[in-house]
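Below is one structure, written out as structure tokens, with a few remarks after it.
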Amino acid sequence: MRAMLLVNPKATTTNARTRNVLIRALGAAVELSVEETRYRGHAAALAATARSKGYDVVAVLGGDGTINETVNGLLNPVNGDEVPPGGDPSAGRPALIVIPGGSANVFARALGLPNDPVESTGAVLEALREDRRRTVGLGQALWEGQSRYFTFCSGMGYDAEVVRAVEGLRGTGRKATPTRYVNTALRHYLATDKRHPAMTLTGPGIPAVEGLFMAIISNTSPWTYVGNKPVTPTPWASFETGLDLLGLRRMGPLSIAAVLRNILTQSEALPSGRHLVQLHDEAEFTLTARRPVAFQLDGDYLGERESVTFRATPNALQVLV
């Protein structure tokens, strides 16, 4: 079995010694080629190369951003790569191996992998020996002639504004710790316009909803983690269903407090309240805004947008897990 391992040398929870141990362990199980990512978008280019060269597996040692790039590279169309009617689109792509190396590792944990990279390597080696695979669906965001797949979440409005602020702090050399996210979210909330919502939700068979301050789009649950604490705004979301959404029509302190209490303490119950908008297992919907609003995807800030369409992509990838 031929495998390419993509290593993010800046992954926050690994060091050179740990990476070398993991590389030797994987190299003993497969015919392994190792590539280090060197710039933004490099993982996508390497994954696309691995697919075009017929690799059986692409493994990733990195955080959610590196994993997202890799997934997008694997789903890039290849010449002559056509799925027959009724066929499995994941069958024509290399399988994916995920070894968590970032600060949150939401996708890896949603797959049931340990958050420790060494323990996770042991789990995926067992999956390799047993050829144990899981076929997962992805989400896709489309805007202004562009598109990008996401593994676990996207968002527009307040949550994307927090992601933007944290990315700005990371640009100054600070780490994206759970405490930093919480403190940034609180400071940003105090400065947020709570009177003029910008977004409208529409979609096939979906009644239009106006007046959204924030929309969380989920492909699985949990949506993210605060340390080891799962955050579950859309607890019914899964890799085997369409997309879920939680939208907020109010940003007052009492409304926010009730939502936070629910999503941090009730893993199976949907948040409740007339100020909430919820969708489950949807194939497609669109968020439009009267003014440009912040947009994030798998925790990566992608600028301000006025319209984004979200689509479910079933059976997109096979993951060894």
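Coordinate-derived values only; no laboratory data. Being a predicted model, the structure only gives us computed values, none of them experimental. Cβ sites come from the backbone with ideal geometry, for glycine too, and all protein chains shown count toward neighbours.
The slack between residue 38 and residue 53, meaning 0.36 nm per residue of separation minus the straight C-alpha distance, is 3.3 nm. Of the residues 318, 293, 226, the one whose Cα sits farthest towards the positive end of the charge dipole of region 219-321 is 293 (charges of +1 on Lys and Arg Cβ, -1 on Asp and Glu Cβ, taken about the Cα centre). In angstrom, the C-alpha Rg and Dmax of region 2-131 are 14.2, 47. Gap in Å between the Cα centre of region 106-135 and the Cα centre of region 255-321? When both Cα centres are located, 26 Å separates them. Taken about its Cα centre, region 2-131 carries a charge dipole of about 480 debye when Lys and Arg each add +1 at the Cβ and Asp and Glu each add -1 at the Cβ. Taking semi-axes √(5λ) of the Cα gyration tensor in Å as calculated from this structure, the corresponding entry among (1) 67, 17, 15; (2) 33, 22, 18; (3) 36, 23, 18 is (2).
Across the chain, Cα pairs under 8 Å and at least six residues apart give a relative contact order of 20 percent.
Computed from backbone phi, the HN-Hα couplings of region 46-52 come to 5, 5, 5, 5, 4, 5, 5 Hz, rounded to whole numbers (Karplus: 6.51 cos²θ - 1.76 cosθ + 1.60, θ = phi - 60°; Gly and Pro given as x). Placing +1 on the Cβ of every Lys and Arg and -1 on the Cβ of every Asp and Glu, with no other charges, gives region 141-314 a dipole of roughly 800 debye about its Cα centre.
Taking Cα centre as origin and charging only the Cβ of basic (Lys, Arg, +1) and acidic (Asp, Glu, -1) residues, the dipole magnitude of the chain rounds to 1080 debye.
When 143, 236, 223 are sorted by how many other C-beta atoms sit within 10 angstrom of their C-beta, beginning with the fewest, the order is 236, 143, 223. From helices alone, the chain scores -9000 deg cm²/dmol at 222 nm; the rule is -39500 (n - 2.57) for each run of n ≥ 4 DSSP H residues, then divide by the residue total. Taken along the Cα-to-beta-carbon direction at a fixed 7 Å, the label points for residue 254 and residue 306 span 3.7 nm. Residues 90, 154, 147, 255, ranked from the fewest to the most other C-beta atoms within 10 Å, line up as 147, 255, 90, 154. Residue 94 sits among other residues whose Cβ lies under 11 Å from its own Cβ, and their net charge, with Lys and Arg +1 and Asp and Glu -1, is +3. Near residue 165: Cβ cut-off under 12 Å, other residues only, Lys/Arg at +1 and Asp/Glu at -1. The net charge is +2.
With contacts taken as Cα pairs under 8 Å at a separation of at least 6 residues, region 141-314 carries a relative contact order of 28 percent. Across region 1-124, the mean sequence separation of Cα contacts (distance under 8 Å, 6 or more residues apart), normalised by length, yields a relative contact order of 30 percent. Putting +1 on Lys and Arg Cβ atoms and -1 on Asp and Glu Cβ atoms, find which of 15, 112, 68 reaches farthest to the positive end of the dipole of region 2-131. Of the options given, the answer is 15.
For region 277-321, the residues whose amide N sits under 17 Å from a probe point set 7 Å from the Cα of residue 144 along the beta carbon direction are 287-297, 300-310. Close Lys pairs in the chain (alpha-carbon distance under 30 Å; sequence gap of 8 or more, or different chains): 6.
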